[in-house]
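Undergrad: Sending over a structure as structure tokens; questions will come in a sec.
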Amino acid sequence: MNFKFPIDNYIGCRYTNYIGGRYNDRRSKREEFEILANQALTEAVYYILLSLTQQLHGYGIMQNVEQLSGGRVKLAAGTLYGAINTLVEKGWIKALAEDKDSRKKEYVITDQGKDVLGAELERLTELIENGNRILGGVDI
């Protein structure tokens, strides 16, 4: 029997060109968005995007992520601001104009970020539906 791992089917495809959070060949932002929108978000990124459906500053994001995840996801400042910079670069969130009287920079999700968040919600819903369909009444 000639067994092939499923990953063997992807050798040579564009996903193998993904290096360090970016594709190493030139693509339009729309192509990159379509590819990334079909990939799973990390739990931390999912909760950051979800938190930013309202405008928040960094510390507010950390608190909201921890609350939404039931304490399961706790972001250190360095991790959070690294993620924020990446999400701003991708155009999924944006920094709001700074208030002269405050040192806190606030962020909010963009329309593109909402699309990504919606795609992730659909993916997670599909996972749950498939699990329920296959496991049905099985006690885990």
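Each value in this text was obtained by applying a stated rule to the coordinates, not by laboratory testing. Quick caveat, the model's predicted, so the values are computed rather than measured. Neighbour counts run over all protein chains shown; Cβ positions are idealised from the backbone, glycine included.
Undergrad: Roughly what would the spin-label model give for residue 42 and residue 94, points 7 Å off Cα along C-beta, in nm?
TA: With each label point 7 Å from Cα toward Cβ, the separation is 2.6 nm.
Undergrad: Regarding the stretch 66-120, what's the average projected area of the Cα-atom convex hull, expressed in nm²?
TA: Details: hull surface 19.3 nm².
One quarter of the hull surface, i.e. the mean projection, equals 4.8 nm².
Undergrad: Rounded to the nearest whole Å³, what is the per residue volume of the convex hull around the Cα atoms of the stretch 28-122? Present the calculation step by step, with values, prior to reporting the outcome.
TA: Working: hull volume 9.0 nm³, N = 95.
Spelled out: Cα convex hull of the stretch 28-122, divided by residues, is 95 Å³.
Undergrad: Still on this structure, please answer the following. Quote the FRET efficiency, to the nearest 0.05, computed for residue 133 versus residue 108 with a Förster distance R0 of 30 Å and r equal to the Cβ-Cβ distance. Show your work: numbers first, answer last.
TA: Working: r = 37 Å, r/R0 = 1.22.
Rounded to the nearest 0.05, the efficiency is 0.25.
Undergrad: Can you tell me the mean projection area, over all orientations, of the convex hull of the stretch 97-140's alpha carbons? Units nm², please.
TA: Details: hull surface 21.6 nm².
Dividing the Cα hull surface by four gives the mean projection, 5.4 nm².
Undergrad: Return 80, 127, 75 ranked ascending by Cβ neighbour count within 10 Å, so the fewest neighbours appear first.
TA: Details: 80 17, 127 11, 75 21.
Going from sparsest to densest Cβ surroundings: 127, 80, 75.
Undergrad: Subtracting the Cα-Cα distance from 0.36 nm times the residue separation, let me have the gained length for residue 57 to residue 101 in nm, one decimal. Each step should come with its number before you reach the end.
TA: On the way: separation 44, 0.36 × 44 = 15.84 nm, distance 1.43 nm.
Gain in length upon complete extension: 14.4 nm.
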